[in-house]
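Worksheet: the structure to be examined is printed underneath.
FYI, it's all coordinate maths here, none of it is from the lab. In this text, all values refer to a predicted model and were calculated from it rather than measured experimentally. Cβ placement follows ideal geometry from the backbone for every residue including glycine, while neighbour counts extend to all protein chains displayed.
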Amino acid sequence: MSDERFNEGGEGLEVSGDVAAALGAMSRWEGEVGVWKAAVGAPAASPFRRTRRLPTWVTALAAMLVFAGLIGIMLPLLGKSRASARVARPSSAAAPEVFKRVPASDQSFLAGFSSVPAAVTPQRELEQASSERSSAGMPLLQRSVIRKATIELKTPDVRAAFAKAAQVLSEASGEYVQESSLTGEDKSLQATMTLRVEASRLSAVLNQLRAMGAVVSETSGGEDVTEQVVDIEARLHNEQRVEAELLGLMESRKDAPLKEILELRDSISRVRENIERMSGQQAKLSRLVSLATVLVIIRSDLSEPEPLPQGIADYFGKQVQRAWQGGLGFLADSVAFIISVVVGGLVFWLLGAVVVLGAVLARKRALARRGTETAPRL
Amino acid sequence: MTTDPDVLLLKRFSRGEDAALGELALRHERGLLGLAMGMLGDSDLARDAVQEMWVRVIRSAAHFQGQSSVKTWLYRIVINRCLDMRAARRRDMSQAGMAEGERFTPLDINTLERAEADEGRARVRSAVQRLSDGQQIVLMLSYHDGMTHEIGAEVLGIPVGTFKSRLHGALVALRERLGAEVLP
């Protein structure tokens, strides 16, 4: 098919002037322009106008501060949850010995009675105790700690300090001096006291004692007896339940042979004995937990007392020294906090860094896509 | 440091100077409207396409990568938008059950009057509209004011040689369409 409007030229097929003009006219605009003005006012464009991006370092700094704050909040919470998890879920290996219930001889005897419940496993016992506490609105197995502290003081007046030390006790709270002694004379004069104070007041009492002289040494510690408390509580609970069962049997089998009734009584009496012994242990542990033990040693210090500051210059110097030491202490605390946040939250920092890096890369990619346009697919 | 006036205008606009967008529009808007008009055959749709292109430019001006020239970027956006609109229009017509011959939207009155005044141009337009999308775009870009084969190839993201061979194919197809009309 030939057409004079199309010619094979050096560059390939070429069109004559009228076709070329027609093609050019198809994509020629002769109307008004200024569409861009409508676009500037278009709602779709308005949220993106005048959006100034914050400098990257400002964004990064803000993100780091927020992240550090989150870690500072999360670390103590995690520590608490770990501690409570240890108390609330004692391992089955730690508990089972305390769940021995009725002696073997009684087991065989009780086997004859169908109403006796199946043996309860130690784990079930613990879970039951936990659920009972939970349903009763009690906290889940509070930690029971026997607290002990030793403080050694030096003071010029040992006798006065000895007398004052006894006064820090609150008899209304059941606190008392368990033991006290005053030995030696002059420079060798020494007072020793064992105070039993309410556990919650231990730090307050220590503070009062510190004010009575120069502290030479001070130690404090605690023995966690939570497991023992839980064990005894569980065993006691079991024994009481067995006792109730045995008493029920006794009541229902009044017409049983005499031999069986006597065996039943023996069992009841053994169980009762166990209950009494465990109640005593429980009460003792409870006393030890509720009252902390403080050993106070007061020695004589007849060296020259520190002279009182004299004059405003001396006072000012002391204050500056105190302020300086306070500042150093604050600085040390701050550095320790930063180190604990950085090191303790290393896992979180790494996770955060990965997330931030991913977000930055994704944003860069999105912005790159927005600032380019793919070629038309034809 | 670029000296491309289009890039400088875009930067000025992204810093908050609306007038810079006006200057950029002064340089390219007429050509963009013409291309959109050629592809869509309707001045209102052409305006819509170009307006949407400006919205896109406003949203992305600050993130322009400079991987291509601003002019290429603008033409790509318009062409993609026109292709989307044509596809949507075809879907609508297909759903409405319109016949093949009714696919093209009637030209607006002014355009029709001009076309009637020049029968030859009307025939060329009619023949072009029956070509494929790819062939139409290559023809539009080739005979568009101020457009070169190099820029056309850059807009389509293809080598210049490929652009020329596609143009050849489009012209052959156009000749067949026009020949069929003239010599049935």
Item to check | Reach of B:Lys164 by Cα under 21 Å, taken over lysines that are not fewer than 8 positions away in the same chain | outcome: B:Lys71
Checklist entry - Which distance in Å, rounded to a whole number, links the C-alpha centroids of the range A:187-254 and the range A:303-374? => result 41 Å
Checklist outcome for this item: Along the range B:165-171, Karplus-curve 3J(HN,Hα) (6.51, -1.76, 1.60; θ = phi - 60°) to the nearest Hz, with x for Gly and Pro, reads 5, 5, 4, 4, x, 5, 5
Checklist entry - Once the piece of chain linking A:Lys254 and A:Ile339 is laid out straight, how much longer is it, given 0.36 nm per residue of separation minus the C-alpha distance between them? => result 23.2 nm
Checklist entry - Tell me which lysines have Cα within less than 22 Å of A:Lys284's Cα, excluding those fewer than 8 residues away on the same chain? => result A:Lys100, A:Lys148
Checklist entry - Over all residues in B:120-126, what is the mean tally of Cβ atoms on other chains that come within 10 Å of each residue's Cβ? => result 4
Checklist entry - Which Cα, out of A:Ala256, A:Leu246, A:Thr226, lies furthest along the positive dipole direction of the range A:216-286 (beta carbon charges, K/R +1, D/E -1)? => result A:Ala256
